[in-house]
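The structure appears right after this line, and notes come after that.
Nothing in this text is a laboratory measurement; each read-out follows from the coordinates by a stated rule. As the structure is a prediction and not an experimental result, all values here were calculated from the model. All Cβ positions, even for glycine, are placed from backbone atoms using ideal geometry, and neighbour counts span all protein chains on display.
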Amino acid sequence: MTPNRRRIIALLCGAAITGTALVACSSDTTGDTSSRDAASSATTPATPPVAERYGTTPQVLADADLSGTDVSALFFTTAPAAIIAAPDPVSQQRAASIAVTTGLPMLTTTGANDTALATEIERLGATDILTVGATAPDLPDTPTVHTDDGTPAAFRALTGTAPEAVAPEHTPAGLLRQITALKPGDLIGPAAEQPTTGDTTDTAETGKLPTRDTDDNDRAPLVLAAPGTGIAAVATARAAGADVEILDHADPRISEHSVELVRNLDGGPVIALGQVFGTTEQFTRATELATTVTAEQPGGGQLVFPGRRMIAYYGHPSGGALGIMGERSPEESVAHLRDLVAQYAPLAEEPVIPAFEIIATVASASPGPDGDYSNEADPEELRPYIDAITEAGGYAVLDLQPGRARLIDQAKIYTDLLKLPNVGLALDAEWKLGPDEVPLQQVGHVQAEEVNEVADWLAELTADNNLPQKAFVLHQFQLQMIRDRENINLGHPELAFVLHADGHGSAGDKFATFDALRQDLDPRYFIAWKNFIDEDTPMFTPEQTMDIEPRPWFVSYQ
């Protein structure tokens, strides 16, 4: 049948969607079903396989411009109509509501993607376009372009369903979850709450968006999204019938639930929406780790961050000269640290756990027998502190001050300790010296190549031993300390990369350092902060520390 091409068109909800397209993305699994399983097995049809076009392996749809074209291209082979929205929040929310209700793809204008939108419209074979919000993309003459006027009456005319007002969520994850849970007729945003005013006769008399033919066996795969995923991407996947799981962080290992979803794929594909998940290769690696890791972080889970914040004492077992941790025995230091952790606990939404940052190799004023100006502690000397913080449910980070030594050589000394699930590694470039340099005469530096060498090794060690993700901390208080930081390879799902801004002095000095270090910083880094007990003037309180933006995940005291 030729689609009705009137000025504003709509689709009777439910007519254009497959199986689970318009149900919430979770199911009630409570109760004993064993007695009815046998009786119904003969009559219940087998679940159809995921459609072949989705492949059989994990993949990321980058959707770099948040337009949704990548997602539409995969999830829709054809569509008689499409929805194009302006990028403002109100338009996005309304367009998503219409898309999920009608089962049609949603796209977003960016101001520079008219050609891509036109190409996707042509591929879909769409004869009608609905624009939502203040946007007028340059499209071919073939489709008939209609404009939504933003009223409840228009929604009713477009969808054939009376709108049900839904107040928008105000966090990225909350809004995405809201979209996955939309029912036919749910309308997010202020337009849903406004009474109809004025003459809406013309709008009400228009037809509905044309339905699209669907194949009941065209089952969509599991889809993951996270803060940073575009609204159009989630709405389009839902409109195509996919179950979309919204994660709090763009990694399938973020929760026991998401890990279980990946483990239960049984060879089926999983699609990640948005470049926040990294490349397909990195995402695939993360899904593999979700199924192979056998140990957990303190408090549970596979990822270091997010999921917990750490408050750490810094030091060396030799005594207090190198930091507060060594002022007491391991057990006494843990007890003292617990009091500080208790001050931070009510200030964070995540669990707060104790940590030790243990100086494993100490830069020295003399070359020593090996000539590297660094004294390497025997691993067994560090074990009492690691055992004590482990007993307290905490984390340990081994800090390297390499002098003239190669960082990789020093890291390997502590291989056995790094095989423990709650032990990470820190590189302190301040003490990385050139062949003619000695400590305290200059601030050292490290090249990305040497950092990558250690990261490659630590990631392999972590994977080979089925360990959860490790903290990989990079200390920096001058830009020159890591002179080509942009060349550091962050593509190791086995590692949580942490930038530790450890400048000291007045609040103004510390923030000047902090702000400079965060310029052009890759968003995949987690931020750490150091409070100097003697050198800061004055030292920040826990409340002041947790008021820092962005809020640090790791706070150490020296």
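What fraction of the DSSP beta bridges in the chain is antiparallel, stated in percent and rounded to the nearest 5? Looking only at bridges with both residues in the chain, the antiparallel portion is about 5 percent. In the set (i) 88, 58, 41; (ii) 76, 53, 43; (iii) 65, 63, 43, the label that goes with Cα extents along the principal axes in Å computed for this structure is (i).
Using the Cβ-Cβ distance between Glu169 and Glu349 with R0 = 22 Å, the FRET efficiency computed as 1/(1 + (r/R0)^6) comes to roughly 0.85. Projected label points at Asp484 and Asp138, each 7 Å from Cα along the beta carbon direction, are separated by 4.1 nanometres.
If I take every Cα pair under 8 Å that is 6 or more residues apart in the range 475-558, average their sequence separation and divide by the length, what percent do I get for the relative contact order? Value for the range 475-558: 30 percent.
When Phe472, Phe511, Phe356 are arranged by Cβ crowding within 10 Å, least crowded first, meaning fewest neighbours, the order is Phe511, Phe472, Phe356.
Rounded to the nearest 10 degrees, the angle from helix 114-124 to the longest Cα principal axis of the chain is 60 degrees.
Distance between the pseudo-spin-label points of Asp339 and Val145 (7 Å out from Cα toward the beta carbon): 6.9 nm.
Computed over the range 311-557, relative contact order equals 16 percent, with contacts defined as Cα pairs under 8 Å that lie 6+ residues apart. Compared with the direct C-alpha span, the chain from Ala162 to Ala64 gains 31.8 nm at full extension, assuming 0.36 nm per residue. For the range 296-377, the list of GluC sites (Glu not before Pro) that fall in a loop by DSSP and count at most 13 other C-beta atoms within 10 angstrom reads Glu349. Placing +1 on each Lys and Arg Cβ and -1 on each Asp and Glu Cβ, with no other charges, gives the range 99-151 a dipole about its Cα centre of roughly 160 debye.
Multiply the residue separation of Thr57 and Ala321 by 0.36 nm, subtract the distance between their alpha-carbon atoms, and state the gained length in nm to one decimal. Difference between extended and current length: 89.7 nm. Among DSSP beta bridges lying fully in the range 311-557, give the percent that are antiparallel, nearest 5. Percentage antiparallel, nearest 5: 10.
Short to long, the 10 Å bins of the Cα pair-distance histogram for the range 311-557 hold 7, 32, 40, 19, 1 percent of all pairs. Using a 7 Å offset from Cα along Cα-Cβ at Thr119, what residues in the range 70-92 end up with backbone N under 11 Å from the label point? Correct set: 70. Distance between the modelled labels on Glu256 and Val438, one decimal in nanometres: 5.7 nm (7 Å Cα→Cβ projection). Put the Cα centre of the range 64-120 next to the Cα centre of the range 396-415 and the gap is 50 Å. How high is the relative contact order of the chain, given as a whole-number percent (alpha carbon pairs under 8 Å, six or more residues apart)? It comes to 13 percent, rounded to a whole number.
Of all DSSP beta bridges in the range 53-292, what percent run antiparallel (nearest 5)? Given both bridge residues lie in the range 53-292, the antiparallel proportion sits at roughly 0 percent.
Structural size metrics of the range 438-550, computed from C-alpha coordinates, are Rg and Dmax of 15.5, 45 Å.
Summing Cβ point charges (Lys, Arg +1; Asp, Glu -1) relative to the Cα centre of the chain gives a dipole of roughly 1480 debye. When the Cα centres of the range 522-552 and the range 361-388 are compared, how far apart do they sit, in Å? Measuring centre to centre over Cα atoms gives 27 Å.
From a point 7 Å beyond the Cα of Glu460 in the direction of its Cβ, which residues of the range 378-410 have a backbone N at a distance under 20 Å? Hits in the range 378-410 for Glu460 at 20 Å: 406-410. Between the helical axis of 89-102 and the longest alpha-carbon principal axis of the chain there is an angle of about 50 degrees.
Multiplying the residue separation of Asp509 and Glu535 by 0.36 nm and removing their Cα-Cα distance gives an extension gain of 8.2 nm.
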